[in-house]
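Just so you know, all these numbers are worked out from the coordinates, no wet-lab data involved. From a predicted model like this one, the values you see are computed outputs, not experimental measurements. Ideal geometry is used to build each Cβ from the backbone, glycine not excepted, and the neighbour counts take in all protein chains shown.
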Amino acid sequence: MTLREQWKNPSDGSLLLLVPEGSFLAGADKFRVEMPAFYLAAHAVTNAQFARFLDQCRPADSELQRWILLDQDCYVRKTGCGYEAYGGRDDHPVVQVSWFGAVAFCEWAGVRLPSELEWEKGARGLDGRVYPWGDDWDPDKCRNRTNCGSERTCSVWSYPEGRSCWGHYQMAGNVWEWCADAYEAGAYARYKRGDTSPPAGGPQASRVLRGGPWDLGRPEYFRCAYRYSFDTPGNRLDYHGFRVAKI
């Protein structure tokens, strides 16, 4: 079957770009992993998209609190008749979303979270590059602590010069992005042996985040191979976001 280069999801409006089948160089030591084709969203889910999800789902208070923290650091809010993005940040990535909230959004939209191998292939292409744009650190190609000024997140369409080879925006910078996988310290050693089955993990196991957020500036956090593992799925922080995948 021939796959289109991009696909627009009618449910949430996400533009997903094709990452073709084949092997890529994974991990810090750059070993080959064979993967089928999949679609990965061009950008992180925005405040406007998440507000639309909440507006249509109308979650109970207990679900809402489990999914997202609606406080002064979040630019989604309740209105008299639903939910809305506000503050001129409609196209900024939604933040303070838990892994549970990201999964709930995906179920509503008919998509899913990417595995961390899918996320990494989407970020670094086939050649094992260190950052989405190449091997040399350039703080001007992503949102980070050195260039955010008094702001935090930025539009998901910012920093086009930092896109991955497939065209994905902000695979480095802006927000950490939840992946589907539970964190397994030895997962990459297993992947290197050819076993790419998903890590086992209970419902409260820490989940992998990738990409590096606006509040850090050290280059190592923005590497395509960097695995952030310190957050449980219920955490809702102002540098947590996500992007979606399919197939």
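The figures follow:
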| quantity | calculated |
| --- | --- |
| Computed log₁₀ I(q)/I(0) - Debye formula, equal Cα scatterers, no solvent, the chain, q 0.11, 0.15, 0.18 Å⁻¹ | -0.52, -1.01, -1.47 |
| Relative contact order (%) - the range 175-247, alpha-carbon pairs under 8 angstrom, separation at least six | 42 |
| Computed lengthening from Thr232 to Ala28, 0.36 nm per intervening residue step minus Cα-Cα distance | 71.0 nm |
| The range 94-116 and the range 40-68: distance between their alpha carbon centers, rounded to Å | 8 |
| Stretchable slack from Ala200 to Arg58, in nm (0.36 nm times residue separation minus alpha-carbon distance) | 48.0 nm |
| Residues whose placed amide H lies under 5 Å from that of Asn235, excluding near-sequence neighbours | Trp99 |
| All lysines inside 22 Å of Lys30 as judged from Cα atoms, apart from same-chain residues fewer than 8 positions distant | Lys121, Lys192 |
| Whichever lysines have a C-alpha closer than 20 Å to that of Lys8, once near sequence neighbours (fewer than 8 apart) are set aside | Lys246 |
| Label-reachable residues, the range 224-241, where backbone N falls under 13 Å from a point 7 Å from Tyr86's Cα toward its Cβ | none |
| Using a Förster distance of 35 Å, the FRET efficiency for Asp140-Glu21 (Cβ separation, nearest 0.05) | 0.60 |
| Angle between the chain longest axis and helix 47-57 axis [Cα atoms, degrees, rounded to 10] | 60 |
